[in-house]
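Here's the structure we're looking at; comments come further down.
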Amino acid sequence: MSTKADLRNLTQDELVHYVESLGQPAFRGRQIMAWLYRPGITEFSQMTDLAKEFRTKLSEHARIFRFKDPLIQRSSDGCVKFGFTLEDGNLIEAVLIPEPDRNTLCVSSQVGCAMKCTFCLTATMGFTRNLTPSEIVNQVCAVGDFLRNEPKSKLIGLDRVTNLVFMGMGEPLNNLENLIKSISILTEDRGLNMTNRRITVSSCGIASKMTELGNQTDVNLAISLHAVDDKTRDSLMPVNSRYPLKELLQACRDFPMPKRKRIMFEYILLKGVNDSNEEAHELARILRDIPCKVNLIAYNESPGLPFKSPSRNRVYAFQKIVRDAGYSVFIRTSRGEDISAACGQLAKQKHEQKG
């Protein structure tokens, strides 16, 4: 691995400090930020408004890391799964979910995951390490390049990434520092210029870090809930033993959030485990004083895991009970199941095709 500084790891303020350490004025850092995320920029020599001598110095001390030749699998429903090889040889995955009016990218924040949720295939990988800001942001850059290079006839909608969900490999709040840095880069006008309202961070419930996320960003928060009592949640999500429901729900009440926003509660329905009418009524009760909406997800069955998906009628019955209690309740249609790209299915697997 190169010992040169990867400038895509730096926020704009950090770029300013970096160029000042090289004896340059602060505005040079802002100039570099404006170049780093332009399509096709791979070398400092392309940054034509920087002095030639400074570009040479940058080349000696720094670099622009990017993913090359991602492994690609295309789903029959239009989803695309990307496998990105990191410099240390580890593999991470991201999933593009295209729609006519948007392109949502599900990005990873860690190599593997330490949370050991019993229904999640990613949990079987174990945890290797956190991703750097560059490794997070470069998932977005690489998929943006992919969309720009796609023939127009293959595009379902737009030719750019419009929405981000941190719902890929890993628990984002356990990589909070790098997560916040990557969000700063993603939303910086001179960076990728995305809007906070189109970025969602999903957590399994690291209650102690939720407030910091809310204080330092204005992104959307999604909580993976998946049970309405501690006994069931303990069996599904070991994190519940550290942050039980009472503590997690209080952290949701305390989450700093503008009035216009609501927390999204994700609830995977597992046949015979958490999908009864009684549990639907209890879900409505425990969320009563939290500004929120609910996303129901019928479980995506995975080889080697014991859980089953409930019937469509069971999902609709669960939805009706919660909706009748006054909540906005959506049923998320799983995409990319045929390439193991649906919710809970990301893991290091063989990518069978490229392109």
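The values are calculated or read from the model by the stated rules, or taken from the named source; none is laboratory data. Since the model is a prediction, treat every value here as computed from it, not as a measurement. Counting neighbours? That spans all protein chains shown, and the Cβs are built from the backbone with ideal geometry, glycine included.
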Task: Which listed residue, of Asn313, Asn274, is under 17 Å from Arg233 (Cα atoms) and polar (S, T, N, Q) - done: Asn274
TODO: Please name all residue pairs, on different chains or six or more residues apart, with Cβ atoms under 8 Å, provided the first residue is in the range 55-77 and is modelled with pLDDT under 95 and the second residue is in a loop (DSSP other than H, G, I, E, B) and buried (at least 19 other Cβ atoms within 10 Å of the Cβ).
DONE: Gln73/Ala341; Ser75/Arg335; Ser75/Gly336; Ser75/Ala341; Asp77/Arg335; Asp77/Gly336
Task: Only one of Arg242, Arg262, Arg253 that is surrounded by fewer than 19 Cβ atoms within 10 Å (Cβ to Cβ) and in contact with a strand residue (DSSP E or B) (Cβ under 7 Å, 6 or more places away or on another chain) - done: Arg262
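For (1) under 18 Å from Leu96 (Cβ atoms); (2) in a helix (DSSP H, G or I); (3) among the small types (Gly, Ala, Ser), each residue gets a yes or a no:
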{"site": "Gln139", "(1), (2), (3)": "yes, yes, no"}
{"site": "Arg160", "(1), (2), (3)": "yes, no, no"}
{"site": "Leu176", "(1), (2), (3)": "no, yes, no"}
{"site": "Lys181", "(1), (2), (3)": "no, yes, no"}
{"site": "Arg190", "(1), (2), (3)": "no, no, no"}
Task: Inter-residue pairs, beta-carbon under 7 Å, first at negative phi and in the range 135-157, second among the basic types (Lys, Arg) and buried (at least 19 other Cβ atoms within 10 Å of the Cβ), 6+ apart - done: Val137/Arg8; Asn138/Arg8
Task: Qualifying positions in the range 271-292 - closer than 30 Å to Met125 by Cβ and of a type in the set (Lys, Arg) - done: Lys271
Open item on the list: Take the conditions assigned to a loop (DSSP other than H, G, I, E, B) and either of a type in the set (Asp, Glu) or touching a strand residue (DSSP E or B) at 6+ places or on another chain (Cβ under 8 Å) (or both) and apply them to Asp13. Does it pass?
Closed with: no
- [ ] Just one of (1) hydroxyl-bearing (Ser, Thr, Tyr); (2) within 22 Å of Ile331 (Cα to Cα); (3) not in a loop (DSSP other than H, G, I, E, B) trips up Ser235, so point out which.
- [x] (2)
TODO: Might you let me know whether the range 89-105 holds any residue that is assigned to a loop (DSSP other than H, G, I, E, B), touching a residue at least 12 places away in the same chain (Cβ under 8 Å) and within 16 Å of Leu131 (Cα to Cα)?
DONE: yes
